[in-house]
Structures are given as C-alpha cells and as structure tokens.
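*Asks:* Structure provided below as structure tokens; questions to follow.
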C-alpha cells in the first residue's frame, strides 16, 4: 500500500478501508450495490496528537499498520490517485483487530 502524501492534524488518523468480501460463504457473488460499507481498515498515518487541558500531548492508542475496526459512518472520505482513504478522529476507531 502506497503512503499518500497526507498528514492528518490533531487527533485525526488516516486509514485505508479494507474491501468487503466479493463472495458470500455460499459462493454467491455480491454486487457492489449490495455490499456493506467496510468496517475494517488499516491505519496509514497519525496526526500531530491531541493535547489535554494542561498542554500535555496525549499518545495515540493505534499505530501505522494496525488493522482496526471503524465506526460504520465515521470519517471523511478522500481520494488520492484513485485510492480511497478516510480521515477520522481516533475516537471513531472502535478497536484494534488482532
């Protein structure tokens, strides 16, 4: 996966949605219009970090390369060289997979 030239700010994270399966478990091919929006993604880049009320930097709970579960409708979609990415707050990441 190429790293796009996007640097998120504050507590935002750039993720690459992982595509849903194109076949059902029974072997039926699922058309694009019927696929659910992917809820798994891979973290590509982290923002500059959020600060608490005392100005102390709060560390991210995720790191680049992590496979994560994301909020179904969270984030803002951006396209770079034909590839789709999402920029979202770390709070929109529900958990790390694996």
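*Asks:* Output the residue which, of all residues in the range 63-72 that are out of contact with any helix residue (DSSP H, G or I) (no Cβ under 7 Å at 6 or more places or on another chain) and modelled with pLDDT of 90 or more, is nearest to residue 7 (Cα to Cα).
*Replies:* Just the residues of the range 63-72 that are out of contact with any helix residue (DSSP H, G or I) (no Cβ under 7 Å at 6 or more places or on another chain), to begin with: 63-69, 72.
Adding the requirement that they be modelled with pLDDT of 90 or more leaves 63-69.
On the way: 63: 14, 64: 12, 65: 15, 66: 17, 67: 19, 68: 19, 69: 21 Å.
Applying the filter and picking the extreme gives 64.
*Asks:* A follow-up question, please. Residues that are part of a loop (DSSP other than H, G, I, E, B) and on the phi < 0 side of the Ramachandran plot: does the range 73-82 have at least one?
*Replies:* Step one: list which residues in the range 73-82 are part of a loop (DSSP other than H, G, I, E, B), which gives 73-75, 81-82.
Filter once more, keeping what is on the phi < 0 side of the Ramachandran plot: 73-74.
So far as the range 73-82 goes, yes, one or more of its residues are part of a loop (DSSP other than H, G, I, E, B) and on the phi < 0 side of the Ramachandran plot.
*Asks:* List, please: which pairs have Cβ atoms under 7 Å, are six or more places apart or on different chains, and start with a residue in the range 80-91 that is modelled with pLDDT of 90 or more and end with one that is surrounded by fewer than 16 Cβ atoms within 10 Å (Cβ to Cβ) and outside any loop (DSSP other than H, G, I, E, B)?
*Replies:* Close Cβ pairs satisfying both conditions: 84/77; 85/78; 86/76; 86/77; 87/76; 87/78.
*Asks:* When the range 73-87 is examined, which residues are found to be surrounded by 12 or more Cβ atoms within 10 Å (Cβ to Cβ) and farther than 15 Å from residue 4 by Cβ?
*Replies:* 74
*Asks:* Please specify each residue of the range 27-59 satisfying the condition of being closer than 25 Å to residue 97 by Cβ, modelled with pLDDT under 65 and outside any loop (DSSP other than H, G, I, E, B).
*Replies:* Listed by number, the residues that qualify are 32, 34.
*Asks:* Identify the residue in the range 1-26 that is under 14 Å from residue 43 (Cβ atoms) and modelled with pLDDT under 75 and, among all such residues, is surrounded by the most Cβ atoms within 10 Å (Cβ to Cβ). Outline the logic, then answer.
*Replies:* So the first thing to find is which residues in the range 1-26 are under 14 Å from residue 43 (Cβ atoms), and the list is 1, 3-4, 6-8, 11-18.
Okay, now just the ones that are also modelled with pLDDT under 75, so 1, 3.
Values: 1: 9, 3: 11.
Looking at residues that are under 14 Å from residue 43 (Cβ atoms) and modelled with pLDDT under 75, I get 3.
The values are calculated or read from the model by the stated rules, or taken from the named source; none is laboratory data. In this text the structure is predicted, and so the values were computed from the model without any measurement. We place every Cβ from the backbone using ideal geometry, glycine too, and count neighbours over all the protein chains shown.
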